[in-house]
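Everything on this sheet refers to the single structure shown next.
The values are calculated or read from the model by the stated rules, or taken from the named source; none is laboratory data. None of the values given here were measured: they were computed from a predicted structure. Cβ coordinates were reconstructed from backbone atoms using ideal geometry, including for glycine residues, and neighbour counts include every protein chain displayed. Keep in mind that these areas ignore ligands, DNA and RNA; they rest on the heavy atoms of the full protein, side chains included. Shrake-Rupley method; radii C 1.70, N 1.55, O 1.52, S 1.80 Å.
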Amino acid sequence: MSSGAPRGNGQEIRLSRGASLSDFADKINANPGSLVQEMFNLGEMVTATQSCSDDTLLLLGEHLGFDVQIVSPEDEDRALLAQFNIDLDAAVDEDRLVTRPPVVTVMGHVDHGKTKLLDAIRKTNVVAGEAGGITQHIGAYQVHYEHAGVDRAITFLDTPGHEAFTAMRARGAQVTDIVILVVAADDGVMPQTVEALNHAKAAEVPIVVAVNKVDKPDANPDKVRQQLTDYGLLAEEYGGETMFVNVAAKPGIGIDELLEAVLLTADASLELTAPTDGPAQGVVVESHLDKGRGAVATVLVQKGTLRAGDSIVAGGAHGRVRAMLDENGKSVAAAEPARPVLVLGLTSVPGAGDTFLAAEDDRTVRQIAEQRQARRRAASFANSRTRATLETLMEQLKEGEKTSLTLVIKGDSSGSVEALEDALFKIEIPDEIQLKVIHRGVGAITESDVNLASASSDSTATIIGFNVRASNKVKDMADRANVEIRYYSVIYQAIEEIEAALKGLLKPEYEEVELGTAEIREVFRSSKIGLIAGCMVRTGLLRRNAKARVLRDGVVVGENVTISSLRRFKDDATEVREGFECGLTLSGFGTPQIGDVIETFEMREKPRA
Ligand code: GDP
């Protein structure tokens, strides 16, 4: 079958991720219909305008002799910004660089005191006059500390734990300069301590260890130092390079020393500079939709200065900065590098980890945002689409059913939704199960979420509400549609339950458990019931109706045998134990002989790891 599509000769063509066959056709001057035909010949049914997966584009390219290069979203974004004469990676002249504060993330095992420590640090630093202000959680805060006679600022990301850290890194946003690893002195190094440490190492971020809870009677801070040497963190006092500080977050002991250590580590191993002139650039730390104020985003400025009135674009959201607030709810006129501020005025909610930048005018930011939105729609469509090949279709039919857990995730902030989704996809699940997130978003659970969940193609989706709820009306609707809604406020709990659900979805696996063995000593013939084997139970026990196999001289001569009757003397028995004699009949086996060994077993459901 020839479709008349042109053949390439190894020419390179560049397609953006999620391109359609029409886009492909444009690049090679072909008729889109001819590419639809080609794909059909390759066993895949794709319409001309539908967004294609990378595999599909590469497959078609290879088939037609084109060297298809799929352009990543980052590359594409660079190209997009270049159209507006914006270059995020442009080198900055040395003389424009100014020292900036370090940005710190606190990580460590659950309950080791991350939250308490962040609170304690914030409290030591309440500047007179601000005490009365309404402190708000904006996802990050800055403290001041006098170090060697100089007033220095340190920025803390207020989302403890490594989920947020990794979710941001996954988006290419490296915001953290230093990690404070919190280890409780009464508990020592725990699994998440090691995980956090590995994340910090992978990101090549220096670590300061806060040995917490030293106020406790059973605290053993030296043991923590000892334990961490196994993971390559050698304390300074032992000749290593890592600063360890004993603290007690609850009573507020050692906080100054910890801040001191952060600054010393920053000065020793990092060169933290950024230009303060020019339009602002940075990263969205957190964002949510506020009833009264609309889209609210906490951004961390990384270069330049952000001012009220600036036109900004953050991911696919844009707008003019109506107001900027700090963590104390005070209005900020200008935010320089490492300064986190709450920004009001965006037209929609950006994602955590999205980059933001200020541009000349409203029109520029709107155009950038619109192009990004269009591209994201195309890309997410390509990802969510499972390939409808004839082959996979047949396979699914053959398998009868596919086990999958489909979820809609709604949460109070984009950061929490992402962190949850990220953690979910890290659950180790067997291949036969599919976990799919068909929609995620910020805000209450709505009718459209329920509609989406009940319309999900392979199974009804479950809706996860993370710190958000559904109204009664939506709840009723979900009940009618048989859509389950589950609420969580702690990520670990959500993960645990979903993990359990995933394991519950698995069909049980059985394993053979040996019950016992018996040796045939005599064989009788009964006119009523046929051949009876007189046995001695050698190990374990024999049970009526148990499955068995028969061995003769160590060779299996009968499989799928059942002990159909079992007697002790003249009485029926359900079980006969080791060391006793019994008479039994076997179904599914021909002629028992003296000396045969009967091995009996039971099939038990195997617990899932
Ligand atoms: P996170 O899960 O790491 O954020 O841990 P939290 O900050 O919630 O602290 C867990 C528990 O340890 C809480 O009950 C705290 O009150 C307690 N805690 C935290 N720091 C200290 C400390 O320095 N001393 C004592 N005695 N208890 C602490």
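Points worth noting:
- Every residue from the range 92-127 that is open to solvent by 40 Å² or more (accessible area, probe 1.4 Å) and hydroxyl-bearing (Ser, Thr, Tyr): THR99, THR115, THR124
- Cβ-Cβ under 6 Å pairs, at least 6 apart or on other chains, the range 98-127 side over 26 Å from GLN302 (Cβ atoms) and assigned to a helix (DSSP H, G or I), far side within 8 Å of the ligand (Cβ to nearest atom) and basic (Lys, Arg): LYS116/LYS250
- Residue match in the range 584-602 (condition: closer than 30 Å to LEU502 by Cβ and either modelled with pLDDT under 90 or part of a strand (DSSP E or B) (or both)): yes
- Pick from the range 425-444, criterion among the hydrophobic types (A, V, I, L, M, F, W, C) and not in a loop (DSSP other than H, G, I, E, B), ranking: modelled with the highest pLDDT: VAL442
- Scanning the range 239-253 for residues that are within 12 Å of the ligand (Cβ to nearest atom) and surrounded by fewer than 21 Cβ atoms within 10 Å (Cβ to Cβ) turns up LYS250, PRO251, GLY252, ILE253.
- Residue match in the range 518-531 (condition: open to solvent by less than 60 Å² (accessible area, probe 1.4 Å) and hydroxyl-bearing (Ser, Thr, Tyr)): yes
- Extreme residue, farthest from the ligand (Cβ to nearest atom), among residues of the range 177-223 that are open to solvent by 10 Å² or more (accessible area, probe 1.4 Å) and among the polar types (S, T, N, Q): ASN198
- Subset of the range 74-91 [among the hydrophobic types (A, V, I, L, M, F, W, C) and open to solvent by less than 40 Å² (accessible area, probe 1.4 Å)]: LEU80, LEU81, ILE86
- Considering VAL365, VAL299, VAL349, the condition of being crowded, with 23+ Cβ neighbours inside 10 Å, part of a helix (DSSP H, G or I) and not assigned by TED's automatic domain parsing to the domain that holds GLU418 is satisfied by VAL365 alone.
- Taking the range 554-578 as the range and being over 22 Å from GLU512 (Cα atoms) and open to solvent by 30 Å² or more (accessible area, probe 1.4 Å) as the test, the residues that pass are ARG567, ARG568, PHE569, LYS570, ASP571, ASP572.
- Of ALA374, ALA358, ALA338, all but one fail to be within 30 Å of the chain's Cα centre (by Cα) and touching a residue at least 24 places away in the same chain (Cβ under 8 Å); the exception is ALA338.
- Neighbours by Cβ (under 9 Å, 6+ apart or cross-chain): first from the range 284-296, without any contact (Cβ under 8 Å) to a residue 12 or more places away in the chain; second surrounded by 14 or more Cβ atoms within 10 Å (Cβ to Cβ): ASP290/VAL296; ASP290/LEU344
- Of all residues in the range 266-296, those satisfying the criterion of being surrounded by fewer than 23 Cβ atoms within 10 Å (Cβ to Cβ) and among the hydroxyl-bearing types (Ser, Thr, Tyr) are SER269, THR273, THR276.
- Conditions (1) more than 16 Å from the ligand (Cβ to nearest atom); (2) in contact with a helix residue (DSSP H, G or I) (Cβ under 9 Å, 6 or more places away or on another chain); (3) open to solvent by 30 Å² or more (accessible area, probe 1.4 Å); (4) among the β-branched types (Val, Ile, Thr): number failed by VAL71: (3)
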